[in-house]
Amino acid sequence: MRVLFLTTLIGAVGACAVASAQPRDSAVLCLDGLGVNHPATCHSNSASRLDSKPDICICQGPYQQVQASWCAKGEQPPADTADFDRARVAGVRNGSLVGFTYQGKRACVPQGPNG
């Protein structure tokens, strides 16, 4: 009985480690009423000090939490202007900006230097 329990426990821990190692498929934006993006509060559920990439991001305060696509390598988002901010907040559909474009460019979030 103990062997079965331990085997199941080890399998569950392994599955959680694989799931947490998968890259995030969308970014979190915290938009105010004017469409201005504010920083999200991100943290990791990983117990390892080696892999410290945040995997849970939430918006603190009166901001609308919106999912947005990551920019592809070499792709640049539209210039950050007041017109873009207003269009971005108007373009939110069901908490998502995935597929939204502004002046022919995808409203994506650039990735950091480490991807």
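What the table below lists for this structure:
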| read-out | value |
| --- | --- |
| Residue-span extension gain [S96 to Q111] - 0.36 nm each, minus C-alpha spacing | 3.6 nm |
| Two-site label geometry, D32 and Q64: point separation in nm, points 7 Å out along Cα→Cβ | 1.5 |
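Values in this text are rule-based calculations from the coordinates and carry no lab data. No experiment lies behind these values; they were computed from the predicted model shown. Every residue, glycine as well, gets a Cβ built from its backbone with ideal geometry; the counts of neighbours run over all protein chains shown.
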